[in-house]
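Remarks on the structure that follows.
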């Protein structure tokens, strides 16, 4: 299936969570570590734009960068999201643009999930705390929602939340799944 802008644009709303899966080595690794189906998160901010944390830091990009056969994605929306909350999510996400990517956190999560796979136990201290000056992709969405007064994870540290956690969260409803393969 080829995804065109006109197919996805009408369903997106500011504050939506876009969960992405690609067929890349890093994406496959993330999904393996967390037994997941998605490996990346972006916040839709309106006007065909997203805010996302990538290896080059938190950036504002066009959502159409994901309009190719290389990506599958899922659009999820917070249940009962108000216009005011949506605007606060956008404002918060935009305030994070320019922050560097948190590679230490990424490595900590990989170790956490590897130990969990091997032992069946969760050792949260393995994740580490590198502060608010650096971000991973899922952390951007969680921070933006918390800044809007929305708690999706009962106060669990945003640095320990993964794309898969957002896919499985019952406070979000799936609006659309786009499979390109």
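The values are calculated or read from the model by the stated rules, or taken from the named source; none is laboratory data. This structure is a prediction, so every number in the text was calculated from the model and none was measured. Here Cβ is always computed from backbone atoms with ideal geometry, including for glycine, and neighbour counts include all displayed protein chains.
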Give me a count of the residues in segment 2-28 that are modelled with pLDDT under 90, within 30 Å of residue 118 (Cβ to Cβ) and either within 15 Å of the chain's Cα centre (by Cα) or exposed (fewer than 13 other Cβ atoms within 10 Å of the Cβ) (or both).
7
Of the conditions (1) touching a strand residue (DSSP E or B) at 6+ places or on another chain (Cβ under 9 Å); (2) assigned to a helix (DSSP H, G or I); (3) modelled with pLDDT under 85, the single one that residue 93 does not satisfy is (3)
The lone exception for residue 42 - which of (1) modelled with pLDDT of 95 or more; (2) surrounded by fewer than 23 Cβ atoms within 10 Å (Cβ to Cβ) it fails:
(2)
Segment 130-147, residues that are modelled with pLDDT under 75 and surrounded by 13 or more Cβ atoms within 10 Å (Cβ to Cβ):
130, 132
Scanning segment 96-117 residue by residue, those exposed (fewer than 14 other Cβ atoms within 10 Å of the Cβ) and at pLDDT 80 or above turn out to be 98, 100
Matching residues in segment 143-164 (without any contact (Cβ under 8 Å) to a residue 60 or more places away in the chain and closer than 23 Å to residue 107 by Cβ) number 8
In segment 148-181, the residues that are surrounded by 18 or more Cβ atoms within 10 Å (Cβ to Cβ) and either in contact with a strand residue (DSSP E or B) (Cβ under 7 Å, 6 or more places away or on another chain) or assigned to a loop (DSSP other than H, G, I, E, B) (or both)
148, 150, 152, 161, 162, 163, 166, 167, 172, 178
